[in-house]
Amino acid sequence: MKYNKVTYYTIKCEKNEKSQAEDFFYRLSKDFKNINQIEQFAIWLERVGNSRNGLEYDFLRFEDKCFAIPPRKLKTQNGKKIELRLYCYWINQRIVILFNGDKKTTDKAHDCPNVR
């Protein structure tokens, strides 16, 4: 996904139809309860990509050995915190590599069977 300020790359294994990030959005959008969170997530990625350089603090939500997005401050339209985690590698203000993720179901990532 290329925007004015940031280009998001993702990984695609030869044996898979979808890239890692595509799989994340596709898989989690099947559950209607995640739709609002996915919409807010996508709006945030686009806003960061178009309106400002991808600053390191936007992407570095440290969870054990990985970094996750979205940032803690991002909420759904109803004011609830976003439970989805998409893992990434921030290279610089213009390049971010998106991996895969899931819905975090516990307070700490290492306790969650989905994202541990």
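Accessible surface ranking for GLU14, GLU83, GLU39, 1.4 angstrom probe, highest first: GLU14, GLU39, GLU83. If I take R0 = 30 Å and measure r between the Cβ atoms of GLN77 and GLU14 in this structure, what FRET efficiency does the formula 1/(1 + (r/R0)^6) give, to the nearest 0.05? Step by step, r from the Cβ atoms, then E = 0.20. A Cβ-based charge dipole, computed about the Cα centre of the chain with Lys and Arg at +1 and Asp and Glu at -1, lands at about 260 debye. Shown in residue order for the range 82-87 are the 3J(HN,Hα) couplings computed by the Karplus curve 6.51 cos²θ - 1.76 cosθ + 1.60 at θ = phi - 60°: 7, 8, 6, 10, 10, 8 Hz (x for Gly and Pro). Under a 5 Å amide H cut-off, with hydrogens placed 1.01 Å from N, THR7 pairs with ILE95, VAL96 among residues at least 5 apart or on other chains. Here the Gaussian network model covers the chain, with springs between Cα atoms less than 10 Å apart; of ASP102, ASP31, ASP23, ASP31 fluctuates the most.
Phi angles across the range 9-16 convert, under the Karplus curve 6.51 cos²θ - 1.76 cosθ + 1.60 with θ = phi - 60°, into 3J(HN,Hα) values of 10, 9, 9, 10, 7, 4, 7, 9 Hz, Gly and Pro given as x. The H on the amide N of LEU84, modeled in the peptide plane, is under 5 Å from the matching H of LYS104, each at least 5 residues off or on a different chain. In this structure the amide hydrogen of CYS112, modeled in the peptide plane, comes within under 5 Å of no amide hydrogen from residues 5 or more places off or on another chain.
What the phi angles of the range 30-47 give under the Karplus curve with 6.51, -1.76 and 1.60, with θ = phi - 60°, is a coupling list of 5, 8, 3, 5, 8, 4, 4, 5, 5, 4, 5, 4, 5, 4, 4, 4, 5, 4 Hz, glycine and proline written as x.
Only lysines eight or more places from LYS80 in sequence, or on another chain, were considered; those with a Cα closer than 24 Å are LYS30, LYS33, LYS103, LYS104, LYS108. When the charge dipole of the chain is built from unit charges on Cβ atoms (+1 for Lys and Arg, -1 for Asp and Glu) and taken about the Cα centre, the candidate among LEU74, ILE95, THR106 whose Cα reaches farthest toward its positive end is LEU74. Rg then Dmax, both in Å and based on the Cα atoms of the chain: 13.5, 39.
The values are calculated or read from the model by the stated rules, or taken from the named source; none is laboratory data. Since the model is a prediction, treat every value here as computed from it, not as a measurement. Every residue, glycine among them, receives a Cβ derived from its backbone with ideal geometry; neighbour counts consider all protein chains shown. What goes into the accessible areas is simple: the full protein's heavy atoms, side chains included, and nothing from ligands, DNA or RNA. Shrake-Rupley method; radii C 1.70, N 1.55, O 1.52, S 1.80 Å.
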